[in-house]
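Read the structure below first, then the notes.
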There are 4 protein chains.
Amino acid sequence: MEEVKLAIIYYSSTGTNYQLAKWAEEAGKNSEAAEVRFLRIRETAPEEAIQQNENWAKHVEATKDIPTVSLEDLEWADAFIFSAPTRYGNLPSQLTSFFDTTGGLWLKGKLVNKVVSGMTSSANTHGGQESTLLSLYKSMYHWGAIIVTPAYTSEVQFEAGGNPYGVSVSEGKDNLNDNIKEAVFHQAKRTLTLARWVKAGFSGG
Amino acid sequence: MEEVKLAIIYYSSTGTNYQLAKWAEEAGKNSEAAEVRFLRIRETAPEEAIQQNENWAKHVEATKDIPTVSLEDLEWADAFIFSAPTRYGNLPSQLTSFFDTTGGLWLKGKLVNKVVSGMTSSANTHGGQESTLLSLYKSMYHWGAIIVTPAYTSEVQFEAGGNPYGVSVSEGKDNLNDNIKEAVFHQAKRTLTLARWVKAGFSGG
Amino acid sequence: MEEVKLAIIYYSSTGTNYQLAKWAEEAGKNSEAAEVRFLRIRETAPEEAIQQNENWAKHVEATKDIPTVSLEDLEWADAFIFSAPTRYGNLPSQLTSFFDTTGGLWLKGKLVNKVVSGMTSSANTHGGQESTLLSLYKSMYHWGAIIVTPAYTSEVQFEAGGNPYGVSVSEGKDNLNDNIKEAVFHQAKRTLTLARWVKAGFSGG
Amino acid sequence: MEEVKLAIIYYSSTGTNYQLAKWAEEAGKNSEAAEVRFLRIRETAPEEAIQQNENWAKHVEATKDIPTVSLEDLEWADAFIFSAPTRYGNLPSQLTSFFDTTGGLWLKGKLVNKVVSGMTSSANTHGGQESTLLSLYKSMYHWGAIIVTPAYTSEVQFEAGGNPYGVSVSEGKDNLNDNIKEAVFHQAKRTLTLARWVKAGFSGG
């Protein structure tokens, strides 16, 4: 069986989505048939904004060696798992700044049939955890991606907040609990499974 | 000061949105300058579906004397507060069945400049509480309504789940707590305040 | 190669979405490896509303022998292509009334991994043709469906209005032109292709 | 009558949204009781990307003296009219990069009760003209803004594409016709009218 290429692409300012992404990476690496890249969205906020928030500055420093995602990564991957916090119900501008550089790939059809799933966080329980994922998937429809959500395909979803669009979490370390971890594993595996089917179809069909 | 006419329009199968709507009614009645109608969306589910769910059957029986909303109510009101549970992230068909009868009013411009706010519920924490309100407001844009959300305009919002689009609650009696009640009061008052401004503008301007 | 089971499920009041659905059916029947059911959403509007609109009444009469979709059809199919007009940016209540009866299937996981794509129409060019499909897919995420859109995967999309979420058309007979027909064929084939891959994965994996 | 302060805030790469915004400015300046600021969203794309597109480079050069929007402008204004093109169905990152700097204002409640309306464009007819405005309004709900859309409040809307969420246009100079201009005027006036009512309410109430 050919390996599925999975790109985990995250943006995190203070670590929540970094953790969600790490769990997705772990799930991917546990899988026999996945090659995984763990990729950071480049920070575009001004240095002074970052320095005003101690946790943000620390996280930027701690993760500076993680490779930032490139257009080549998008072309390489069979599947993307995105993780990014809400910004007023939409995606953070760091992530959309990257999306806005993909016009060339899009034009050549290089983003078609990528299998996509997303995760998110917000400060408040209902402060954008559904809305942000819906924004992500809207853009993915323009790419020609194939969207797969966790829905209620595992019991753990009900324990993890029951967000059918993707795992989501309220910010705050205690919320990153075992149920969330297990739900991330489930979502990552489900994404990989679909990616395998799509890849086999591409090759065989 | 002329009274603002407020229509509280709810659909509820087992009582959660009925309770949210009752609190909104109480807030409206406490206001000196509001005339309030408490209006039920007509049940359209088949009798056999209702009878299979004891709580649903009980609630239907208990609320059968509450007047159902009519087109005349829509024309009469200056402001609408809607409350309805999610159905797969969208509005329940009972509510949209009613919306689908408003074409005549819409064509005559009778739905323009109504001040609108919404509340909702879902079984799971993230099972549609944002998404459903976004669907409601989409339709309201077509009517020419003016949308007002609670956002974070009161501290109580942060205690009540922080849904910027409207008060929302996970189903289950214990979730209908004092924070939610207070948040409903806040949202209802905010809606009435805006409705007063709009009405004064209409008359005076 | 095992046949893919495709359910084309449409709601139409005056014929536009019926025509879109018929083209999808034709595309499915042209495919060697698809078994197709052409299924009507049951009309729930009151008879008097229908009779006030001559075209609506005629269409109801003309299509009365087309089988209405059942829960069994949902369970049977590997893929769904939905076609329905907008109602204020959301799905028509006829369609959501049907969705609201699927709770039992949903609970048993019988709606998981269905491959889904949608088409729509509105009276005005920008009167809901994007918005309605976004509402459809929101609900599908709750089912655990796999969403596939046409995006810009064929040149014909650019000739047919370029709706990445699905083929859409402004109502009026002249708008149902060859570009739209070709775009429907493309979307139907794309949906079938993905459904085949998913089905092969299910069986083989 | 006190003047309403209107900020017209646009992002444009090759001029379409600049033109829409200019028309909104003209409408505002024609109004007796509006003070208008015409404000550009700062370009954040890399210089090399801009230089690869002749029209983009020209437009950047031609508009370099237009003041860029600041946080102070947001605080100053009673109403915002936004105009920005779609990027895969969402807002351009230039605009959301600016939104992402507003956390301080948001925290102090300085974005509450701003009256907001939006306009947009896309390359394809159905390539995001509805979807992008829905994304804008989602963020505005988080701010506590009051959303007013043109809906079908003027006959010109039907001539201008009938986008109930805001004026939108397919890119290409010929599409910027008199119907679109008139529709922008209508939307701007409607926004100003509501802003006047809200401001009078604030002051008087």
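Is it the case that region C:138-154 has a residue that's more than 22 Å from C:V36 (Cβ to Cβ), of a type in the set (S, T, Y) and in contact (Cβ under 8 Å) with a residue 40 or more places away in the chain? Yes, some residue in region C:138-154 is more than 22 Å from C:V36 (Cβ to Cβ), of a type in the set (S, T, Y) and in contact (Cβ under 8 Å) with a residue 40 or more places away in the chain. A residue that is at pLDDT below 95 and either facing another protein chain (nearest Cβ under 7 Å) or under 15 Å from C:F82 (Cβ atoms) (or both) occurs nowhere in region C:138-157. Filter region B:21-55 down to the residues that are under 23 Å from C:S97 (Cβ atoms) and in contact (Cβ under 8 Å) with a residue 40 or more places away in the chain, then identify the one that is farthest from the other protein chains (Cβ to nearest Cβ). Out of the qualifying residues, it is B:A21. Residues in region C:46-85 that are modelled with pLDDT of 95 or more and among the aliphatic types (A, V, I, L, M): C:I50, C:A57, C:V60, C:A62, C:I66, C:V69, C:L71, C:L74, C:A77, C:A79, C:I81, C:A84. In the set (1) aliphatic (A, V, I, L, M); (2) over 19 Å from C:E35 (Cβ atoms); (3) in a helix (DSSP H, G or I), C:A188 fails one condition alone, (2). Applying the criterion of being within 17 Å of the chain's Cα centre (by Cα) and small (G, A, S) to the residues of region B:87-122, the residue that is surrounded by the most Cβ atoms within 10 Å (Cβ to Cβ) is B:S117. When region D:109-121 is filtered for residues that are away from chain C (no Cβ under 14 Å) and not in a loop (DSSP other than H, G, I, E, B), the ones remaining, listed by number, are D:V115, D:V116, D:S117.
Candidates are the residues of region C:158-169 that are assigned to a loop (DSSP other than H, G, I, E, B) and surrounded by fewer than 24 Cβ atoms within 10 Å (Cβ to Cβ); the one that is nearest to the other protein chains (Cβ to nearest Cβ) is C:G162. The requirement of being under 19 Å from C:V116 (Cα atoms) and either at pLDDT 95 or above or in contact with a helix residue (DSSP H, G or I) (Cβ under 7 Å, 6 or more places away or on another chain) (or both) is not satisfied by C:G127. In region A:122-129, the count of residues that are within 9 Å of another protein chain (Cβ to nearest Cβ), assigned to a strand (DSSP E or B) and within 27 Å of A:S13 (Cβ to Cβ) is one or more.
Note on region B:75-106: residues that are of a type outside the set (D, E) and within 19 Å of D:R190 (Cβ to Cβ) amount to 2. Here D:E75 meets each of (1) surrounded by 18 or more Cβ atoms within 10 Å (Cβ to Cβ); (2) more than 28 Å from D:G127 (Cα to Cα) with one exception, condition (1). For A:S135, the criteria (1) within 11 Å of chain B (Cβ to nearest Cβ); (2) outside any helix (DSSP H, G or I) hold in every case but one, which is (2). Checked against the criterion of being without any contact (Cβ under 8 Å) to a residue 40 or more places away in the chain, within 21 Å of D:Y152 (Cβ to Cβ) and surrounded by fewer than 24 Cβ atoms within 10 Å (Cβ to Cβ), region B:128-136 has no qualifying residue. Among the conditions (1) in contact with a His (Cβ under 9 Å, 6 or more places away or on another chain); (2) part of a loop (DSSP other than H, G, I, E, B); (3) touching a residue at least 24 places away in the same chain (Cβ under 8 Å); (4) under 24 Å from D:S131 (Cβ atoms), the only one that B:W106 does not satisfy is (2).
Here C:W76, C:W56 are screened, and the one residue that is among the aromatic types (F, W, Y) and out of contact with any strand residue (DSSP E or B) (no Cβ under 8 Å at 6 or more places or on another chain) is C:W56.
Inside region B:170-205, residues that are within 14 Å of chain D (Cβ to nearest Cβ), touching a residue at least 12 places away in the same chain (Cβ under 8 Å) and touching a Leu at 6+ places or on another chain (Cβ under 8 Å) make up a count of 4. Summed over region C:56-78, the residues that are more than 12 Å from C:Y11 (Cα to Cα), away from chain B (no Cβ under 14 Å) and in contact with a Gly (Cβ under 9 Å, 6 or more places away or on another chain) give a count of 2. For B:F202, the conditions (1) modelled with pLDDT of 95 or more; (2) in a helix (DSSP H, G or I); (3) of a type in the set (F, W, Y) are fulfilled apart from (1).
The values are calculated or read from the model by the stated rules, or taken from the named source; none is laboratory data. Bear in mind the structure is a predicted one, so any value in this text is a computation, not a measurement. For neighbour counting, all protein chains shown are included, and Cβ atoms are generated from backbone atoms with ideal geometry for every residue, glycine included.
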